[in-house]
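Right, one structure below, let's go through it.
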């Protein structure tokens, strides 16, 4: 399992549009065979901050995800909404070892 946390700071006037685009992308992403989980999280005390939690079943799944039409649509739609470039951190599941998903 590969877990990726994507950190995004959104321009204040774009919060709702970013949220809608990200939820739409997540709805399609969870149907991909290589994705075990795909969460869109919005920070409670700063609604302009989001974390996308992407749980992949294998190391090749992120590349396959980035080849999908829904990812490309999300990427293009939100590019101008970000207040700064998004960042990501990769994790490996320690317990449970299979991620429990």
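The values are calculated or read from the model by the stated rules, or taken from the named source; none is laboratory data. Just so we're clear, the structure is a prediction, and the values are computed from it rather than from any experiment. Virtual Cβ from ideal backbone geometry, glycine too; neighbours counted across all protein chains shown.
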remark   = Cβ pairs under 6 Å, 6+ apart or interchain, first in segment 20-31 and under 14 Å from residue 76 (Cβ atoms), second part of a helix (DSSP H, G or I), ordered by first then second residue, are 21/74; 21/77; 21/78; 25/70; 25/74
inquiry  = Regarding segment 67-74, can at least one residue be identified that is loosely packed, with under 15 Cβ neighbours inside 10 Å and touching a strand residue (DSSP E or B) at 6+ places or on another chain (Cβ under 8 Å)?
reply    = no
ask   = Which is at pLDDT below 95 and out of contact with any strand residue (DSSP E or B) (no Cβ under 6 Å at 6 or more places or on another chain), of 58, 45?
value = 58
